């Protein structure tokens, strides 16, 4: 986890036990402006989720607010909510814009619920590969059904949402889920932002599935932005053997190569209407890439016709 991100979230006091303890000594946790949260139960997954929502202060545009759904909401929502608030508070009215940010998290004090995100964000295992075919993984279809049939109606009942300006943002396993959603139900969102997606998962099964699944899809008005950190995959070790567990993991997962490979394999989908962009952040590791990508996520969600960098 990037230290700057951890410091930001700790300072906001979102579900932080130490912040509650400090209140007894006269200190109080910082409240994130224009934000609210609630816990809800899903009939599709059978589990509970903590939903964070930023509250726009400006009236909704004629078509409704654009909306940005972000996975790992406990960790990533605060940064995006602050950006959304700043965007609609700009001095120049011509550059102001409002967006509803919805963080999908878990009712825990930690930044991540490792076990539940592993289940919710991973696709069902291919029949030929039973390596991950157990209850700890493979719940992406149920989780997507929760988002589509339970969470979205809840948000749309509270805010006027533009159904043509919906963005999904996920990092790591969340990035894998973002790509899987584009592959399995492309009309669920118009914009897909996958940061450091875990394409390595289950012997890179997403690479095997994606081509046939998308070859017949109409991807008009769909945008995909993939990002990865340059340091997420080390340069060849010049004949040396990786010695640390971290080095062995980075070599095995081939994060940058997998992202570039998937991006290139989807070139033909531009003929189906998909607009795609790949960004490799120089010098960035896995956590840093989440921070750098999140810094541009609001712009990506708002500027539907703008070219990506």
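Annotation: extensible slack from residue 148 through residue 243 equals 29.8 nm (criterion: 0.36 nm per residue apart, minus Cα-Cα distance).
To the nearest 0.05, what FRET efficiency results for residue 36 and residue 96 with a Förster distance of 25 Å applied to their C-beta separation? Computed FRET efficiency for residue 36 and residue 96: 0.70.
Rounded, prolate or oblate, given the Cα gyration tensor of the stretch 82-122, with a/c below 1.5 counting as rounded? Cα axes put the stretch 82-122 in the prolate bin. Extending 7 Å from the Cα toward the beta-carbon at both residue 188 and residue 204 defines two label points whose distance is 2.4 nm.
Descending by average beta-carbon neighbour count within 10 Å, the peptides 62-74, 174-186 line up as 174-186, 62-74, the highest first.
Report the relative contact order of the stretch 3-302, percent, no decimals, based on alpha-carbon pairs under 8 angstrom and at least 6 residues apart. Present the calculation step by step, with values, prior to reporting the outcome.
Details: 548 pairs, mean separation 48.4, N = 300.
Dividing the mean separation by the residue count of the stretch 3-302 yields 16 percent.
Per the Debye formula on identical point scatterers at the alpha carbon atoms of the stretch 3-302, with no solvent, log10 I(q)/I(0) at q = 0.07, 0.08, 0.15 Å⁻¹ is -0.27, -0.35, -1.25. Residues of the stretch 159-196 with an amide N closer than 20 Å to a point placed 7 Å from the Cα of residue 230 along the Cα-to-Cβ direction: 195-196.
Where does each of 193, 126 land when they are ranked from fewest to most other beta-carbon atoms within 10 angstrom? Could you put the intermediate results ahead of the total?
On the way: 193 28, 126 16.
Ordered by Cβ neighbours within 10 Å, fewest first: 126, 193.
The C-alpha radius of gyration of the stretch 35-99, expressed as a fraction of 2.2 N^0.38 Å, stands at 1.31.
One chain, two ends: residue 86 and residue 110. Fully extended at 0.36 nm per residue, the span grows by 6.0 nm beyond their Cα-Cα distance.
For a protection proxy built on the mean count of beta-carbon atoms within 10 angstrom, sort 107-117, 285-295 highest first, please. Display every interim value, and only then the final one.
On the way: 107-117: 15.9, 285-295: 20.9.
So the peptides 107-117, 285-295, ranked by packing, come out 285-295, 107-117.
Laboratory data are not the source of any read-out in this text; all were calculated from the coordinates shown. Please read all numbers here as calculations on a predicted model, not as lab measurements. Counting neighbours? That spans all protein chains shown, and the Cβs are built from the backbone with ideal geometry, glycine included.
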